[in-house]
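Colleague: Take this structure first; my questions come after.
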Amino acid sequence: MRHSKLQAVKWLVALAALVVVTAACGGGDDSSSGSGISGEVLISGSSTVEPISIRVAELFEDVAPDVRVTVDGPGTGDGFKLFCEGQTDISDASRQIKPAEKQTCFDNGISNIVELKVGVDGIAVMTNAANQTIECLSFPQLYDLIGPNAQGTTTWVQASPGLPDVPLDIFGPGEESGTFDSFVEIVLEDLAEESGAEATTRPDYSPSGDDNVILQGIQSSNTSLGWVGFAFAVNASDVRLIPIDGGDGCVTPTAETIASNEYPISRDLWIYVNADNAETNPALEAYVDFYVNEGLATATGEVGYVALTPESQSSTQDRWINRTTIN
């Protein structure tokens, strides 16, 4: 008979600790660390959340070596499409699920969905390291440069008076990306509403669902402009993170300013779990049990994101233990 969810969590944490102790003591046969759980877990979605889920999978392999976890990162929107078609067990997301996406899931019989916060990330706005003239950008300037009314402008000053008269080469996420959605929602939406325009970006820039491709584009132009998740940007070479003024002065993105919400372009990171699949797939249940414990305690910080506060981590754990589903 299936043990309680809370017991499962405690058992996995204890087993993880046992594995560490055994390894430290030079403990013998690898089979002694086997959990007896086998199966497959399929994950797709946000390229921003992808490194967290991959790191959790690597850590989980030490506890449950017979479980195969597959993680892909085509973008939050594409991930929800697969999830709502029943093709994946977990959808990684750098934004919350949209009402239309949720309704598609419900229409397809996927109605027991658990939403779990797993970390915090900022969206870094960048230029090439050679471009030292841009000291700070405000939300209105970002709207001038990247918003829909900027279509056709080819220099910084042409898009926003007062900025340098140099070529404007923009690289950023495509519409399939949760980072795209979050950037539009946080930076552009209110300003678009004020100007009577659609809340979106200009169409004439170089989009990609791959953060590394975006970084390569920014590195390729001395007067580039672009945006990706902070974790991808912070250690990138030949780029410079631009301080952003969201109305309270210029703030540089750092782990500390993102965690404190001082940096104005910050967002939460999520995973969405098909709870019905978890009822019938012990591998999925065990992986998520591990995710909300070891993953939140270790993996999120290891891959460069801001860890949840103890209160937020406890809330995530409670939502999973109680299988609190979205409405």
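Colleague: If Lys and Arg each add +1 and Asp and Glu each add -1, what is the summed charge of the other residues whose beta carbon sits under 11 Å from the beta carbon of I170?
Modeller: Summing Lys and Arg as +1 and Asp and Glu as -1 gives -1.
Colleague: Straight-line reach from K117: which aspartates and glutamates fall under 12 Å, measuring Cα to Cα and dropping same-chain residues less than 8 apart?
Modeller: D92, D268, E311, D318
Colleague: Right, another one. Rank K81, K117 by accessible area, highest first, at a 1.4 Å probe radius?
Modeller: Result of the area sort, largest leading: K81, K117.
Colleague: Hey, what's the per residue convex hull volume over the C-alpha atoms of the stretch 81-140, in cubic angstrom?
Modeller: Cα convex hull per residue, to the nearest whole number: 142 Å³.
Colleague: Moving on. I'd like the carbon and sulfur percentage of the solvent accessible area for the chain, probe radius 1.4 Å, heavy atoms only, ligands and nucleic acids excluded.
Modeller: Here carbon and sulfur together make up 48 percent of the probe-accessible area.
Colleague: Now for a different question. How much net charge surrounds V234 when only other residues with a Cβ under 14 Å from its Cβ are counted (Lys, Arg +1; Asp, Glu -1)?
Modeller: In short, -4.
Colleague: Still on this structure, I have one more. Antiparallel versus total DSSP beta bridges in the chain: what percent is that, nearest 5?
Modeller: So the antiparallel bridges in the chain amount to around 60 percent.
Colleague: When the Karplus curve 6.51 cos²θ - 1.76 cosθ + 1.60 is applied with θ = phi - 60°, which whole-Hz ³J(HN,Hα) does each residue of the stretch 75-88 get, with x for Gly and Pro?
Modeller: Each residue of the stretch 75-88 in turn: x, 4, x, 5, x, 5, 4, 5, 4, 6, 8, x, 8, 10 Hz.
Colleague: Continuing with the same structure: Can you send over the solvent-accessible area of T324, 1.4 Å probe, protein chains only, in Å² to the nearest 10?
Modeller: 50 Å²
Colleague: To the nearest 10 degrees, how steep is helix 310-321 against the longest Cα principal axis of the chain, on a 0 to 90 scale?
Modeller: Compared with the principal axis, the helix lies near 50 degrees.
Colleague: Would you be so kind as to identify which of G73, L269, Q219 lies farthest towards the positive end of the dipole of the chain, taking Lys and Arg as +1 and Asp and Glu as -1 on Cβ and the Cα centre as origin?
Modeller: So the residue furthest toward the plus end is L269.
Colleague: Now for a separate question. Against the longest principal axis of the chain, how steep is helix 5-24, in degrees 0 to 90 to the nearest 10, with axes from Cα atoms?
Modeller: 90 degrees
Colleague: Between S38 and T155, what is the FRET efficiency for a Förster distance of 56 Å, r being their Cβ-Cβ separation, to the nearest 0.05?
Modeller: Efficiency at R0 = 56 Å is approximately 0.45.
Colleague: On a 1.4 Å probe surface of the protein chains, which of E176, E193, E279 comes out largest in accessible area, and what is the full order?
Modeller: I get E193, E279, E176, largest accessible area first.
Colleague: Okay, next question. What whole number of Å gives the distance from the Cα centroid of the stretch 112-169 to the Cα centroid of the stretch 175-207?
Modeller: 11 Å
Colleague: Roughly how many Å² is the accessible area per residue of the chain, as a whole number, for a 1.4 Å probe?
Modeller: Per-residue value: 43 Å².
Colleague: For the stretch 143-151, what does the Karplus curve 6.51 cos²θ - 1.76 cosθ + 1.60, with θ = phi - 60°, yield as ³J(HN,Hα) per residue in whole Hz, taken in order and with x for Gly and Pro?
Modeller: For the stretch 143-151, the Karplus curve yields 5, 4, 7, 10, x, x, 6, 7, 3 Hz.
Colleague: Using 0.36 nm per residue of separation minus the Cα-Cα distance, give me the extension gain between D165 and T200 in nm, one decimal.
Modeller: Roughly 10.1 nm would be gained on extension.
Colleague: Could you tell me the accessible area of F180 in Å² (1.4 Å probe, neighbours in place), rounded to the nearest ten?
Modeller: Looks like 10 Å² after rounding.
Colleague: V118's amide H: which non-local residues (gap 5+, or another chain) put their own amide H closer than 5 Å, with H modeled 1.01 Å from N in plane and none for Pro or chain starts?
Modeller: Close amide H contacts, sequence-distant or interchain: L269, W270, I271.
Colleague: Quickly estimate the mean residue ellipticity at 222 nm for the chain, helices only: each DSSP H run with n ≥ 4 gives -39500 (n - 2.57), and the total goes over all residues, rounded to 500.
Modeller: So the calculated ellipticity at 222 nm is -10500 deg cm²/dmol.
The values are calculated or read from the model by the stated rules, or taken from the named source; none is laboratory data. All of these numbers come straight from a predicted model, not from anything done at the bench. Glycine gets a Cβ as well: all are built from the backbone with ideal geometry, and neighbour counts include every protein chain shown. Surface areas here come from the heavy atoms of the whole protein model, side chains and all, with no ligands, DNA or RNA. Shrake-Rupley method; radii C 1.70, N 1.55, O 1.52, S 1.80 Å.
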